[in-house]
1. For a quick protection proxy, order the peptides 218-227, 51-60, 203-212 by their average other-Cβ count within 10 Å, most packed first.
2. Express in whole angstrom the spacing between the alpha-carbon centres of segment 198-254 and segment 91-123.
3. Please report the Cα spread of segment 283-513 along all three principal axes, rounded to whole Å, starting with the longest.
4. Within the set Lys438/Lys491; Lys124/Lys411; Lys108/Lys434; Lys322/Lys422, which residue pairs have Cα atoms separated by over 24 Å?
5. Put +1 on the Cβ of every Lys and Arg and -1 on every Asp and Glu Cβ in segment 283-513; which of Phe347, Thr499, Ile476 then has its Cα farthest towards the positive end of the dipole?
6. Using only the alpha carbons of segment 285-421, determine the length spanned along each of the three principal axes and report them from longest to shortest in whole angstroms.
7. List the residues whose amide H sits under 5 Å from the amide H of Thr429, counting only those 5 or more places along or on another chain, with H placed 1.01 Å from N in the peptide plane.
8. Go through 432-440, 94-102 and give me the packing order, highest mean Cβ count within 10 Å leading.
Amino acid sequence: MAAVGGRVEANASRGGAEAAAGGKLQEEKWSKMGMDQSCEEAELDEPDGVFERVFTNLYGKMTWTEKLRLFWLSGTLFFIIGGYWLLRSIKDPVIATINGVECIPKAKMLSVLVVTVLVFVYNKLIDTFPNHQLFYIVGGTYCGLFTLIGLMLSSPTYGIYNTNADPYRPLGWISYCAIESFGSIGVSLFWAFANTVYDLESAKKSYGLMVACAQLGSIAGPTLVTQASSIGVPGLYLCGAGCMGLMVVMVWSYVARFGTTAGNAAKADALSGAPPKPKKKKPKAGMMEGLWLVWEYTYIQGVAACSCIFMIEVTILDYAMKVLAKGNFESAHPGDPVAATQAFAAFMGVFGQCTNGMSFAFSLVGTSFVIRRFGLRSTIMLFPLLCLVAMILVFMFPTLEMVFAMMLVLKALSYALNNPCKELLYQPTSDAVKFKAKSWIDIFGQRGSKALGSIVTNQFSDSAPDLLNYGSGIAIGLTVWLLYISRYMGKAFEEYTTTNFVVGADKEEREAAAEELAEAQAADDTSCGVDDPDAPESKKKQEVAV
């Protein structure tokens, strides 16, 4: 008995020691989390150096982890935009060599059809896979496709070394449509993902620097193309494929390091010790759901308007600038069309450099600062107001110099200011809106706006004065409308973010509830008539619930 009592006593003491050790480990775990939080708070309170003070003034106060997240995602966007602009710069020469230059307009029309089909597929993938895995699928597919195209272009039979242009050779068409579709889907996917992993305050701090990195990519890609004589066109395609692969690696490593939850929310949940929230089952939705979301919610229609209307104005002004420039250089080089063309090309090159340079400079030092200082409600009205001033000045002074200056400002600020603002508008929306509705808005809304602008320019293409007078008048009317919409969207955004209202969440809840009810009814229907003494009561409960 004594031996048994001794064993019991030993077991009890061992159990107590284990419990104490477990409690100690638990305390250490919580204290470590507390230390992590204290470290971050201490880091925010540390005295700033000159660089840190400048960085804080431009982008807001950030911890080292927040900066790391920002640079990680900025690098991802750099590879997306850099790879796209690299390939975009060579898509026309490739199809012109393989199929003939007259096939380019047909390829543009074909690309619209291809992108339409791929948007349906993309929306289906959104229902099937987690958001971050879409990057692996999209990036991996295009990486493999561009690698294959690059290898095929080296073929003396199917590639660019066969100089007998033939419209029936498939490689040129595949290359063109692949590049166009990636430009539509890849950029939209990145911003949808960024809107899910960033909360509003973090997005205000970060989106400006992201756009700056995107502008660096848009400069670096075409710069690499200037070395085509040494790298070769097939080698450039392989470089583009490498950018797609690096995009996948960047997203994979980001998810492994930071997860896919918005930073502040994830930190709050971890520090509170609350159990993880159960994931809601995704309701089965059709591939047209994004379009129905745009149709159903006024707020999403406003986002679409802010994303697309200004493109009509820019399309009109861009064409007017090219008409004026062409006439100006033909007058400067009478009887020498080659010199006139070269001067026109140099003019467009200068315009591209100035646009990208100004956009990069403003997004680097101005975007985050302006949005944080004035708030989205005021900032979102700034770009339409600039558009209105620009169109009035062009209407009053229809010269090449004035059109060039106004076009430069509008193009640069559309990238550096309007794009981040319209992306922030997606913050108080559901994931279905961020991914599905956004894909329809970015791809078809923006393409449709350019088409509408082209209808206006085509109507007055015979006369530059008519184009400037009537085109500017139409653009001024559209800008006033856009200004009104932007004012409404700023108020709605502020109201929704203050009240934590999520646009589109009610639709997801209704669909999930309907699906659960349908599954419950199906389970009842397959009971094979087995007697259940509680069946009448359960049926009553279901009827009351319905």
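Every number in this text was worked out from the coordinates using simple rules, so none of it is lab data. Just so it is clear, the structure is predicted and the values come from calculations on it, not from any experiment. Because the Cβ atoms are built from the backbone with ideal geometry, glycine has one as well, and the counts that use them run over all protein chains shown.
1. Put in order of decreasing packing, that is 203-212, 218-227, 51-60.
2. Computed from Cα coordinates, the inter-centre distance equals 22 Å.
3. 73, 38, 27
4. Too far apart for the 24 Å limit: Lys124/Lys411; Lys108/Lys434; Lys322/Lys422.
5. Thr499
6. Computed over the Cα atoms, the extents are 61, 39, 28 Å.
7. Val503
8. Put in order of decreasing packing, that is 432-440, 94-102.
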